[in-house]
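Notes to accompany the following structure.
The values are calculated or read from the model by the stated rules, or taken from the named source; none is laboratory data. If you're wondering where the values come from, they're calculated on a predicted model, not measured in any experiment. FYI the Cβ positions are ideal-geometry reconstructions off the backbone, even for glycines, and counts take in every protein chain you see.
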Amino acid sequence: MKRYRDVAGDGGSNIAGQVEAQQDQLKRRLASVASVVAIVSGKGGVGKSALTANLACCLALDGWKVGVLDADLNGPTQAKILGVRGRQLVLADGGVDPPVTALGVKVMSMDLLLADDAAPLTWDSPLQEEAHTWRGAMEANAVREFLADTNWGELDALLLDLPPGTDRLATVAGLAPALHGIIVVTIPSEVSQLVVRRSVTAAASTRAPVLGLVENMAGLFPGPDASRLAADAGIPFLGSVPFDPALSVAADRGEAFVVAAPERESAQALKRIAREVRTALQPRRA
Ligand SMILES: Nc1ncnc2c1ncn2[C@@H]1O[C@H](COP(=O)(O)OP(=O)(O)O)[C@@H](O)[C@H]1O
Ligand SMILES: [Mg+2]
């Protein structure tokens, strides 16, 4: 069996060339996207995905052309929340046409590529440390391909729903030719804020502007004030979204919550946050 040490150069597969070609395609593809925004949190379960989907709906309601890339490969949820689960992907123009929601949001997710009961991606390695490296590299490749191979068309904003973990942002920031904004999500708990504080530091160390901190599930726990966390970190506080079971029910049904229940306090809060985001990104629109 040939091992990597035995292979001179890259073994004739021109890997460097392939990566360069893909980078070129990525650049071409994102040339028609005004803003790429990552939604992050060191913590899982704080509502990153729900917030991403709802912000996308709010922006679409305001007439923005929006795409959502579900970069959570192991726990993809955007197809479900945005109600496009099970839709067929169509190959066209050298890429994949993403499913489009009733509000016009374009969605791409690993979930659209996997069979219903397929096992999640796992990273085979006898050593955990290696598995970590391997996972990082595989994830970066997969996200790069999703970005480069999806026919996003003209977009005002492409929202990236990242998996939990502080290291994820660096990977994505290194991928997209440019990241134009980062939104950090926390919940009112000391445990969450402890981790999220690190995410804020990670966000600040990229070149992308931090659009701000969102507190989700407000009122659920008697936790510390998130606006204080934002102030301490020197980033804008975008607002609080109350804990609201109706929001969760809409997500499970694949309904656009801000359309289904626009009168609810949580929906109003989401709209206010979307307005802040719009204002920050507006100068980038053509
Ligand atoms: N403000 C909220 N009120 C009630 N439920 C919420 C709220 N935000 C999110 N959820 C629910 O909490 C769960 C976790 O949210 P999710 O978006 O999947 O988190 P993450 O992407 O950070 O792991 C989901 O069932 C979601 O519908
Ligand atoms: Mg998620």
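Does at least one position in segment 75-86 carry a residue that is in contact (Cβ under 8 Å) with a residue 40 or more places away in the chain, more than 17 Å from Glu145 (Cβ to Cβ), small (Gly, Ala, Ser) and away from ligand 2 (no atom under 11 Å from the Cβ)? Checked against the condition, which is being in contact (Cβ under 8 Å) with a residue 40 or more places away in the chain, more than 17 Å from Glu145 (Cβ to Cβ), small (Gly, Ala, Ser) and away from ligand 2 (no atom under 11 Å from the Cβ), segment 75-86 yields at least one hit. Might you check whether a residue that is surrounded by 24 or more Cβ atoms within 10 Å (Cβ to Cβ), modelled with pLDDT of 90 or more, on the phi < 0 side of the Ramachandran plot and within 16 Å of ligand 1 (Cβ to nearest atom) occurs anywhere in segment 215-222? The answer is yes; a qualifying residue exists.
Per the conditions (1) surrounded by 19 or more Cβ atoms within 10 Å (Cβ to Cβ); (2) modelled with pLDDT under 80; (3) within 16 Å of ligand 1 (Cβ to nearest atom), the sole criterion not satisfied by Leu175 is (3).
Every residue, every condition in (1) crowded, with 17+ Cβ neighbours inside 10 Å; (2) on the phi > 0 side of the Ramachandran plot; (3) in contact with a Leu (Cβ under 7 Å, 6 or more places away or on another chain); (4) at pLDDT 85 or above, yes or no:
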residue	(1), (2), (3), (4)
Leu69	yes, no, yes, yes
Gly86	no, yes, no, yes
Leu112	yes, no, yes, yes
Leu121	no, no, yes, no
Phe146	yes, no, yes, yes
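Of all residues in segment 148-170, those satisfying the criterion of being more than 16 Å from ligand 2 (Cβ to nearest atom), farther than 20 Å from Ile235 by Cα and either buried (at least 19 other Cβ atoms within 10 Å of the Cβ) or not polar (S, T, N, Q) (or both) are Ala148, Asp149, Thr150, Trp152, Gly153, Glu154, Leu155, Asp156, Ala157, Leu158. Ala269 - would you say it is buried (at least 17 other Cβ atoms within 10 Å of the Cβ) and under 26 Å from Val36 (Cβ atoms)? Against the criterion (buried (at least 17 other Cβ atoms within 10 Å of the Cβ) and under 26 Å from Val36 (Cβ atoms)), Ala269 qualifies.
Listed conditions (1) free of Cβ contacts under 8 Å to residues at least 24 places away in the same chain; (2) in contact with a strand residue (DSSP E or B) (Cβ under 9 Å, 6 or more places away or on another chain) are all met by Ala246, apart from (2). Residues in segment 225-242 that are in contact with a strand residue (DSSP E or B) (Cβ under 6 Å, 6 or more places away or on another chain), among the hydrophobic types (A, V, I, L, M, F, W, C) and more than 16 Å from ligand 1 (Cβ to nearest atom): Ala230, Ile235, Phe237.
Every residue, every condition in (1) under 22 Å from Pro242 (Cβ atoms); (2) among the hydroxyl-bearing types (Ser, Thr, Tyr), yes or no:
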{"position": "Gln23", "(1), (2)": "no, no"}
{"position": "Ser35", "(1), (2)": "no, yes"}
{"position": "Lys48", "(1), (2)": "yes, no"}
{"position": "Leu59", "(1), (2)": "yes, no"}
{"position": "Trp64", "(1), (2)": "no, no"}
{"position": "Asp72", "(1), (2)": "no, no"}
{"position": "Gly75", "(1), (2)": "no, no"}
{"position": "Val105", "(1), (2)": "no, no"}
{"position": "Met110", "(1), (2)": "no, no"}
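Would it be correct to say that Val90 is more than 10 Å from ligand 1 (Cβ to nearest atom) and out of contact with any Leu (no Cβ under 9 Å at 6 or more places or on another chain)? Against the criterion (more than 10 Å from ligand 1 (Cβ to nearest atom) and out of contact with any Leu (no Cβ under 9 Å at 6 or more places or on another chain)), Val90 qualifies. Within segment 265-279, the residues that satisfy the criterion of being of a type in the set (S, T, N, Q) and more than 9 Å from ligand 1 (Cβ to nearest atom) are Gln268, Thr279. Within segment 243-264, how many residues are more than 10 Å from ligand 1 (Cβ to nearest atom) and part of a helix (DSSP H, G or I)? Summing the residues that are more than 10 Å from ligand 1 (Cβ to nearest atom) and part of a helix (DSSP H, G or I) in segment 243-264 gives 4.
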